[in-house]
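The structure appears right after this line, and notes come after that.
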Amino acid sequence: MDFLIRQALPEDLTDAGRITVEAFVGDGFTNPTSTYVELLRDAGRRAREAELLVAVDAHLNDLDCFVPHVASVRPGPQPLAQ
């Protein structure tokens with residue numbers, strides 16, 4: 001499968017938030033009852049405050065197709081937040 005990394009579109013934000021929560025909770029980094037879950041789910045905030053990138057199927061260009069990876073990148077010397 002070929003991947004395309006692109007800036008998240010408004011229609012990607014719900015899935016981006018869902019995927020982020022699934023990754024943090026599913027891998028045991030965050031308790032599912034933590035208040036942090038709502039911050040993770042808020043991809044709209046991340047898209048407003050940083051460049052929110054998503055990996056999508058290059059042929060379908062659809063976030064909901066497969067790729068469970070979302071990254072937010074802020075300009076400057078800050079580390080990559082995944």
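The values are calculated or read from the model by the stated rules, or taken from the named source; none is laboratory data. Bear in mind the structure is a predicted one, so any value in this text is a computation, not a measurement. Reconstructed Cβ throughout: ideal geometry from the backbone, glycine too, with neighbour counts over all protein chains shown.
Taking the range 17-27 as the range and being touching a residue at least 40 places away in the same chain (Cβ under 8 Å) and exposed (fewer than 15 other Cβ atoms within 10 Å of the Cβ) as the test, only Glu22 passes.
Go through Thr30, Thr14 for me and flag whichever is surrounded by 14 or more Cβ atoms within 10 Å (Cβ to Cβ), among the hydroxyl-bearing types (Ser, Thr, Tyr) and in a helix (DSSP H, G or I). Steps first, please.
Numbers: Thr30 fails: in a helix (DSSP H, G or I).
Answer to the check: Thr14.
Residues in the range 1-11 that are part of a helix (DSSP H, G or I) and either among the charged types (D, E, K, R) or touching a Cys at 6+ places or on another chain (Cβ under 9 Å) (or both): 1 in all. Suppose we filter the range 34-80 for residues that are part of a helix (DSSP H, G or I), at pLDDT 60 or above and surrounded by fewer than 16 Cβ atoms within 10 Å (Cβ to Cβ); how many remain? Total satisfying the criteria: 7.
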